[in-house]
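Okay, structure first, notes after.
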Amino acid sequence: MTEVTETPALPALEAEGEEDDLHRMTLLEHLEELRRRLMWSILIMLGGFMACFGFAPQIFEVLALPIKPYVESLVFLNLTDPFVLYVKVALLASIFLTSPFLLYQVWRFVAPGLYRREKRYVVPFIFFGSVFFLSGGLFGYFIAFPFAIKFLIGLGSQFTPMITVDRYLKFLMTILLGLGVMFELPILIFMLSQMGVVTPRFLLRHFRWAVLIIFTVAAIITPTPDVVNLCVVALPTIVLYLLGVGAAALAQRGKRE
(Lines give C-alpha, C1' and ligand atoms only; values in the text may rest on other atoms or scores of the structure.)
Protein backbone atom coordinates (compact mmCIF):
# COMPACT_ATOMS: atom_id res chain seq x y z
CA MET A 1 0.00 0.00 0.00
CA THR A 2 1.48 3.27 -1.12
CA GLU A 3 1.45 6.13 1.38
CA VAL A 4 0.51 9.47 -0.07
CA THR A 5 1.92 12.57 1.57
CA GLU A 6 0.72 16.07 0.91
CA THR A 7 3.22 18.81 0.21
CA PRO A 8 2.49 21.94 2.23
CA ALA A 9 1.62 25.05 0.26
CA LEU A 10 4.78 27.04 0.92
CA PRO A 11 3.85 30.14 -1.11
CA ALA A 12 0.55 30.39 0.71
CA LEU A 13 2.28 30.05 4.06
CA GLU A 14 4.88 32.67 3.10
CA ALA A 15 2.17 35.05 1.96
CA GLU A 16 0.27 34.50 5.20
CA GLY A 17 3.46 35.06 7.19
CA GLU A 18 4.15 38.29 5.35
CA GLU A 19 0.57 39.37 5.97
CA ASP A 20 1.01 38.73 9.67
CA ASP A 21 4.34 40.56 9.60
CA LEU A 22 2.66 43.72 8.31
CA HIS A 23 1.92 45.89 11.34
CA ARG A 24 -1.41 47.66 11.14
CA MET A 25 -1.68 51.03 12.85
CA THR A 26 -4.66 53.19 13.60
CA LEU A 27 -4.91 56.81 12.50
CA LEU A 28 -3.96 58.04 15.97
CA GLU A 29 -0.96 55.72 16.01
CA HIS A 30 0.15 57.10 12.62
CA LEU A 31 -0.17 60.66 13.91
CA GLU A 32 1.73 59.78 17.06
CA GLU A 33 4.48 58.16 14.98
CA LEU A 34 4.62 61.23 12.73
CA ARG A 35 4.93 63.50 15.78
CA ARG A 36 7.74 61.32 17.15
CA ARG A 37 9.68 61.38 13.87
CA LEU A 38 9.23 65.13 13.51
CA MET A 39 10.53 65.68 17.03
CA TRP A 40 13.58 63.51 16.37
CA SER A 41 14.19 65.33 13.08
CA ILE A 42 14.01 68.72 14.81
CA LEU A 43 16.41 67.58 17.53
CA ILE A 44 18.84 66.19 14.95
CA MET A 45 18.72 69.38 12.90
CA LEU A 46 19.13 71.45 16.07
CA GLY A 47 22.29 69.52 16.91
CA GLY A 48 23.62 70.08 13.40
CA PHE A 49 22.63 73.75 13.57
CA MET A 50 24.57 74.28 16.80
CA ALA A 51 27.61 72.57 15.29
CA CYS A 52 27.46 74.70 12.12
CA PHE A 53 26.52 78.10 13.58
CA GLY A 54 30.05 78.79 14.82
CA PHE A 55 31.36 78.29 11.29
CA ALA A 56 28.55 80.21 9.56
CA PRO A 57 30.79 83.10 8.37
CA GLN A 58 33.27 80.68 6.80
CA ILE A 59 30.46 78.63 5.25
CA PHE A 60 28.92 81.75 3.73
CA GLU A 61 32.29 82.73 2.26
CA VAL A 62 32.19 79.46 0.33
CA LEU A 63 28.56 79.96 -0.66
CA ALA A 64 29.34 83.47 -1.93
CA LEU A 65 32.12 82.33 -4.29
CA PRO A 66 29.84 82.01 -7.38
CA ILE A 67 28.86 85.72 -7.16
CA LYS A 68 32.37 87.04 -6.50
CA PRO A 69 33.36 87.51 -10.18
CA TYR A 70 30.35 89.79 -10.78
CA VAL A 71 30.12 92.02 -7.69
CA GLU A 72 32.70 93.49 -5.33
CA SER A 73 30.67 92.64 -2.22
CA LEU A 74 27.16 91.83 -1.09
CA VAL A 75 25.25 94.38 0.97
CA PHE A 76 22.63 94.33 3.73
CA LEU A 77 19.92 96.87 4.52
CA ASN A 78 18.88 96.09 8.09
CA LEU A 79 20.99 95.74 11.24
CA THR A 80 19.63 92.27 11.92
CA ASP A 81 20.37 90.94 8.42
CA PRO A 82 23.83 89.48 9.24
CA PHE A 83 22.47 87.55 12.23
CA VAL A 84 19.49 86.21 10.28
CA LEU A 85 21.83 85.36 7.42
CA TYR A 86 24.12 83.25 9.60
CA VAL A 87 21.12 81.48 11.14
CA LYS A 88 19.92 80.50 7.65
CA VAL A 89 23.41 79.46 6.60
CA ALA A 90 23.78 77.22 9.65
CA LEU A 91 20.34 75.74 9.00
CA LEU A 92 21.20 75.02 5.36
CA ALA A 93 24.48 73.39 6.33
CA SER A 94 22.70 71.40 9.04
CA ILE A 95 20.21 69.94 6.54
CA PHE A 96 22.99 68.61 4.32
CA LEU A 97 25.11 67.49 7.27
CA THR A 98 22.33 65.54 8.97
CA SER A 99 20.62 64.27 5.80
CA PRO A 100 21.41 60.57 6.55
CA PHE A 101 19.80 60.85 9.99
CA LEU A 102 16.78 62.70 8.56
CA LEU A 103 16.32 60.01 5.92
CA TYR A 104 16.47 57.41 8.67
CA GLN A 105 13.57 59.14 10.40
CA VAL A 106 11.63 59.07 7.14
CA TRP A 107 12.32 55.34 6.91
CA ARG A 108 11.21 54.75 10.50
CA PHE A 109 7.93 56.47 9.71
CA VAL A 110 7.12 54.32 6.67
CA ALA A 111 8.67 51.08 8.01
CA PRO A 112 5.54 49.92 9.92
CA GLY A 113 3.71 49.75 6.59
CA LEU A 114 6.35 47.57 4.92
CA TYR A 115 6.70 43.81 4.71
CA ARG A 116 9.75 42.07 6.08
CA ARG A 117 11.32 41.67 2.63
CA GLU A 118 10.92 45.42 2.03
CA LYS A 119 12.48 46.44 5.34
CA ARG A 120 15.85 45.05 4.26
CA TYR A 121 16.30 48.10 2.01
CA VAL A 122 16.91 50.42 4.97
CA VAL A 123 20.69 50.65 4.48
CA PRO A 124 20.56 51.19 0.67
CA PHE A 125 17.76 53.72 1.16
CA ILE A 126 19.76 55.81 3.62
CA PHE A 127 23.08 55.46 1.78
CA PHE A 128 21.89 56.18 -1.76
CA GLY A 129 19.35 58.72 -0.54
CA SER A 130 22.13 60.70 1.16
CA VAL A 131 24.42 60.36 -1.87
CA PHE A 132 21.76 61.60 -4.28
CA PHE A 133 20.73 64.47 -1.99
CA LEU A 134 24.32 65.66 -1.60
CA SER A 135 24.92 65.20 -5.33
CA GLY A 136 21.92 67.40 -6.07
CA GLY A 137 23.30 70.12 -3.80
CA LEU A 138 26.75 69.92 -5.40
CA PHE A 139 25.24 69.98 -8.88
CA GLY A 140 23.29 73.09 -7.96
CA TYR A 141 26.32 74.82 -6.44
CA PHE A 142 28.83 74.07 -9.19
CA ILE A 143 26.64 74.05 -12.32
CA ALA A 144 23.03 75.23 -12.05
CA PHE A 145 23.57 78.23 -9.75
CA PRO A 146 26.58 79.68 -11.67
CA PHE A 147 24.60 79.36 -14.92
CA ALA A 148 21.69 81.25 -13.39
CA ILE A 149 23.93 83.98 -11.98
CA LYS A 150 25.70 84.50 -15.29
CA PHE A 151 22.41 84.84 -17.14
CA LEU A 152 20.75 87.17 -14.63
CA ILE A 153 23.78 89.42 -14.19
CA GLY A 154 24.16 89.56 -17.98
CA LEU A 155 20.61 90.88 -18.35
CA GLY A 156 21.47 93.88 -16.20
CA SER A 157 24.94 94.53 -17.57
CA GLN A 158 24.13 98.22 -18.11
CA PHE A 159 23.41 98.64 -14.37
CA THR A 160 25.53 98.46 -11.24
CA PRO A 161 24.52 95.38 -9.24
CA MET A 162 23.71 95.93 -5.57
CA ILE A 163 22.73 92.49 -4.33
CA THR A 164 21.61 92.02 -0.73
CA VAL A 165 22.82 89.04 1.24
CA ASP A 166 19.33 87.85 2.15
CA ARG A 167 18.07 87.78 -1.46
CA TYR A 168 21.24 86.05 -2.61
CA LEU A 169 21.03 83.36 0.05
CA LYS A 170 17.30 82.82 -0.56
CA PHE A 171 17.94 82.22 -4.27
CA LEU A 172 20.85 79.92 -3.48
CA MET A 173 18.90 77.88 -0.92
CA THR A 174 16.03 77.42 -3.38
CA ILE A 175 18.34 75.91 -5.98
CA LEU A 176 20.42 73.76 -3.61
CA LEU A 177 17.53 72.31 -1.63
CA GLY A 178 15.30 72.02 -4.68
CA LEU A 179 17.89 70.07 -6.64
CA GLY A 180 18.73 67.97 -3.59
CA VAL A 181 15.09 66.88 -3.36
CA MET A 182 14.77 66.35 -7.13
CA PHE A 183 17.84 64.11 -7.13
CA GLU A 184 15.99 61.80 -4.73
CA LEU A 185 13.75 60.78 -7.63
CA PRO A 186 15.50 57.43 -8.38
CA ILE A 187 15.22 56.37 -4.73
CA LEU A 188 11.54 57.32 -4.63
CA ILE A 189 10.78 55.43 -7.84
CA PHE A 190 12.65 52.34 -6.69
CA MET A 191 10.92 52.22 -3.30
CA LEU A 192 7.45 52.78 -4.81
CA SER A 193 8.13 50.01 -7.28
CA GLN A 194 9.25 47.60 -4.57
CA MET A 195 6.09 48.35 -2.59
CA GLY A 196 3.95 47.67 -5.65
CA VAL A 197 2.61 51.22 -5.96
CA VAL A 198 3.97 51.69 -9.50
CA THR A 199 5.58 49.48 -12.12
CA PRO A 200 8.38 50.27 -14.61
CA ARG A 201 5.94 49.75 -17.48
CA PHE A 202 3.52 52.24 -15.95
CA LEU A 203 6.29 54.82 -15.49
CA LEU A 204 7.49 54.46 -19.08
CA ARG A 205 3.94 54.62 -20.43
CA HIS A 206 3.44 57.98 -18.67
CA PHE A 207 6.93 59.25 -19.41
CA ARG A 208 5.68 62.39 -21.20
CA TRP A 209 3.72 63.41 -18.11
CA ALA A 210 6.80 62.86 -15.98
CA VAL A 211 8.79 65.13 -18.31
CA LEU A 212 6.10 67.81 -18.02
CA ILE A 213 6.14 67.66 -14.22
CA ILE A 214 9.94 67.71 -14.10
CA PHE A 215 10.13 70.81 -16.34
CA THR A 216 7.45 72.52 -14.24
CA VAL A 217 9.34 71.90 -11.00
CA ALA A 218 12.60 72.94 -12.68
CA ALA A 219 10.98 76.22 -13.74
CA ILE A 220 10.05 76.88 -10.10
CA ILE A 221 13.55 76.09 -8.85
CA THR A 222 15.28 78.24 -11.49
CA PRO A 223 13.08 81.33 -11.95
CA THR A 224 14.85 82.44 -15.13
CA PRO A 225 13.13 82.85 -18.51
CA ASP A 226 15.84 81.20 -20.60
CA VAL A 227 15.72 77.63 -21.84
CA VAL A 228 19.38 76.94 -21.04
CA ASN A 229 19.04 77.24 -17.27
CA LEU A 230 15.79 75.31 -17.38
CA CYS A 231 17.41 72.42 -19.24
CA VAL A 232 20.43 72.45 -16.91
CA VAL A 233 18.08 71.43 -14.08
CA ALA A 234 15.47 69.41 -15.98
CA LEU A 235 17.62 67.18 -18.20
CA PRO A 236 19.68 65.59 -15.38
CA THR A 237 16.42 64.97 -13.49
CA ILE A 238 14.96 63.18 -16.53
CA VAL A 239 18.09 61.01 -16.65
CA LEU A 240 17.62 60.24 -12.94
CA TYR A 241 13.98 59.35 -13.62
CA LEU A 242 15.05 56.82 -16.25
CA LEU A 243 17.75 55.56 -13.89
CA GLY A 244 15.13 54.91 -11.24
CA VAL A 245 12.89 53.11 -13.74
CA GLY A 246 15.83 50.96 -14.87
CA ALA A 247 16.76 50.05 -11.29
CA ALA A 248 13.14 49.14 -10.54
CA ALA A 249 12.95 46.97 -13.68
CA LEU A 250 16.15 45.11 -12.76
CA ALA A 251 14.89 44.52 -9.23
CA GLN A 252 11.58 43.14 -10.47
CA ARG A 253 13.34 40.94 -13.00
CA GLY A 254 15.58 39.51 -10.28
CA LYS A 255 12.54 38.92 -8.08
CA ARG A 256 10.77 36.97 -10.86
CA GLU A 257 13.87 34.86 -11.53
- Anisotropy class of region 95-202 from Cα gyration tensor, a/c 1.5 cut: prolate
- Query: Between the helical axis of 99-110 and the dominant principal axis of the chain, each derived from Cα atoms, what acute angle in degrees is found, rounded to the nearest 10?
  - Reply: 40 degrees
- Other-chain or far-sequence residues with amide H under 5 Å of residue 75's (modelled H): 163, 164, 165
- On a 0 to 90 degree scale, rounded to 10, what angle separates helix 185-194 from the longest Cα axis of the chain? 10 degrees
- Message: Placing unit charges on C-beta atoms (Lys and Arg positive, Asp and Glu negative, everything else neutral), compute the dipole magnitude of region 165-228 about its Cα centre in debye, rounded to 20.
- Response: 220 debye
- Query: If you take the charge dipole of the chain about its Cα centre, with +1 on Lys and Arg Cβ and -1 on Asp and Glu Cβ, which of 70, 227, 193 is farthest toward its positive end?
  - Reply: 70
- How far is helix 227-256 tilted off the main Cα axis of the chain, in degrees rounded to 10, range 0 to 90? 10 degrees
- Mean accessible surface per residue for the chain, computed with a 1.4 Å probe while every protein chain stays in place, in Å²: 62 Å²
- Message: Among 115, 177, 244, which residue has its Cα furthest toward the positive end of the charge dipole of the chain, with +1 on Lys/Arg Cβ and -1 on Asp/Glu Cβ?
- Response: 177
- Task: Go ahead and run the numbers for FRET between residue 84 and residue 150, Cβ-Cβ distance against an R0 of 30 Å, rounding to 0.05.
- Result: 0.65
- Message: With every protein chain left in place and a probe of 1.4 Å, what is the accessible surface of residue 39, to the nearest 10 Å²?
- Response: 90 Å²
- Note on the structure: Given unit charges at Cβ for Lys, Arg (+) and Asp, Glu (-), the dipole magnitude of region 111-257 about its Cα centre in debye, nearest 20, is 660 debye
- Message: Taking all protein chains in place and a 1.4 Å probe, what share, in percent, of the accessible surface of region 122-228 do carbon and sulfur account for?
- Response: 77 percent
- Task: Distance between Cα centroids, region 21-90 to region 162-180: provide it in whole Å.
- Result: 13 Å
- Message: Under the 0.36 nm per residue contour assumption, what length would be gained going from the current alpha-carbon distance of residue 252 and residue 199 to full extension?
- Response: 18.2 nm
- State the extension gain, in nm to one decimal, for the chain segment bounded by residue 30 and residue 119, taking 0.36 nm per residue of separation less the distance between their alpha-carbons. 30.3 nm
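The values are calculated or read from the model by the stated rules, or taken from the named source; none is laboratory data. Bear in mind that the values here come from a model prediction, so they are computed numbers and not experimental data. Quick reminder, even Gly has a Cβ in these numbers, built from the backbone with ideal geometry, and neighbours come from all protein chains shown. Side chains included, ligands, DNA and RNA excluded: accessible areas come from the protein's heavy atoms. Shrake-Rupley method; radii C 1.70, N 1.55, O 1.52, S 1.80 Å.
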